[in-house]
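Worksheet for the structure shown next.
Values quoted throughout were computed directly from the atomic coordinates according to the rules given, and no laboratory measurement underlies them. Worth saying up front: this structure is predicted, and the values here are computed from it rather than measured. Every residue, glycine as well, gets a Cβ built from its backbone with ideal geometry; the counts of neighbours run over all protein chains shown.
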Amino acid sequence: MITKERPNTARQTGRVLEDVKIHVKIKLAVLWVALMFLYIYADIKALFQPGIMEQLDVEQVALQNDTEARIRELTRNNAEKVRESIERSILTLEKQKEKNSRKQSSLIHEPAEFYETASQAGKMFKSTSNEIQKMLQSHPSESKLALCKLLSGLEIGETNTKVVLSSVNHSGPCSSAFAPAPPVGRV
């Protein structure tokens, strides 16, 4: 009988068993997959413990109630803020409307009042007008004295100028016959 010996492939081929190099990324991927399977296994196993499902239901109901309560609170707070904002806007608009109405009223009535005052003051200013005419026709040295005699007061402000004539009777509302002068540079 002839027996054949099994040849030792490692010796006959001259190759020695070597460690195969596995790339680090592949090792990490396999470890990650194994870790995920362990997490899944632990989660599934935990579900089979008694009372876990009831506890999850209670937690879910509590979370839902908290969420609804928070939504109601935010809605109520926002509704109050919106209501307050609307009330402030209404008050602001009413004030603006009142202010515009006063302006409109004054624009309508002031020209009529000015015309009435000017027509009533015609007699009052007639003598002053005559004196001004005489002053303009007089010699420059005399016109200075006449002007000083004519003006009893002069008030110059930032927004207006007031002239007080000495020959005018001040008992009536003659101040409304003068319009304020615009500030310098804002004409």
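Laid out as a table, the results:
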| item | result |
| --- | --- |
| Under 5 Å, built H, 5+ apart or other chain: amide partners of Ser138 | none |
| Estimated distance in nm for a label pair at Glu84 and Ala146, the labels positioned 7 Å out from Cα along Cα-to-Cβ | 7.1 |
| Sites Lys95 and Ile71, calculated FRET efficiency, Cβ-Cβ separation with R0 35 Å, nearest 0.05 | 0.45 |
